[in-house]
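One structure is given below, encoded as structure tokens.
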Amino acid sequence: MNLEIQTAQITDKPALRNLLQLCLHDYSEFNGENVDEHGIFDYGYLDYYWTEPGRYAFLARLDGKLAGFVLVRQPDPNQAAYHIAEFFILRKYRGHGLGRQVAIWVFDHFAGQWMVSQETGNLPAQAFWRKIITFYTAGNFTETFRDDADRRGPTQLFRSPRG
């Protein structure tokens, strides 16, 4: 199977928006969010990935088919600190190592400090990220509990030497 991870172009925004709806649907189990009166989950930051520095959008394709995406933020472009803003792999591809490959690719793509946070109740995401980050860093990471406007839950902090 051939995995390709590419920077999402502005022409990819409709596809990314659609995948984001599936992602937010999955998250709603853990964060309690509702759809609006049109049946849409609100995500007010998507446009910023093409207009604001320090935001990076990537699409993952497996054998040419859309399989997921990752959104990365660098809140302060003057510092090499990156955050996974959103991460999504279609259900049919989960459990086959695709998420691991995408996560490692993105960590390798940006050298520097990383912060990966999960929702308090999202136990599958917590297990996924702990496993990936433990493997990637050989256990050299710290975990804290984040409780702010962006996220409430465990957060792993580590440094990627690659890039």
- [ ] Under a cut-off of 12 Å between alpha-carbon atoms, report the aspartates and glutamates in cross-link reach of Lys13, not counting same-chain residues fewer than 8 places apart.
- [x] Asp47
Task: Contact order normalised by residue count of the chain, Cα under 8 Å, 6+ apart, percent - done: 19
Task: Bridge type composition, the chain - antiparallel percent by DSSP, nearest 5 - done: 90
Open item on the list: Skipping prolines and chain starts, which residues have an amide H placed within reach, meaning under 5 Å, of the one on Arg146, given they are 5 or more residues away or on another chain?
Closed with: Gly153, Thr155
TODO: Assign one of three labels to the range 14-163, namely rounded, prolate or oblate, based on the Cα gyration tensor with a ≥ b ≥ c the square roots of its eigenvalues; rounded applies when a/c is under 1.5, prolate when it is not and a/b is larger than b/c, and oblate otherwise.
DONE: rounded
Open item on the list: For Leu90, what residues show an amide H to amide H distance below 5 Å, using hydrogens built from the backbone and excluding near sequence neighbours?
Closed with: Gly68
Open item on the list: Can you return the lysines within cross-link range of Lys131? Criterion is Cα-Cα under 25 Å, with same-chain partners fewer than 8 residues away left out.
Closed with: Lys92
TODO: Rank these for me by crowding, Glu52, Glu143, going from fewest to most other beta carbons within 10 Å.
DONE: Glu52, Glu143
Task: Dipole magnitude (debye, nearest 20) for the range 1-107, charges at Cβ of Lys, Arg, Asp, Glu - done: 520
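Any read-out appearing in this document is the output of simple, stated calculations on the displayed coordinates, not a laboratory observation. None of the values given here were measured: they were computed from a predicted structure. Please note: Cβ atoms are built from the backbone with ideal geometry, for glycine as well, and neighbour counts cover all protein chains shown.
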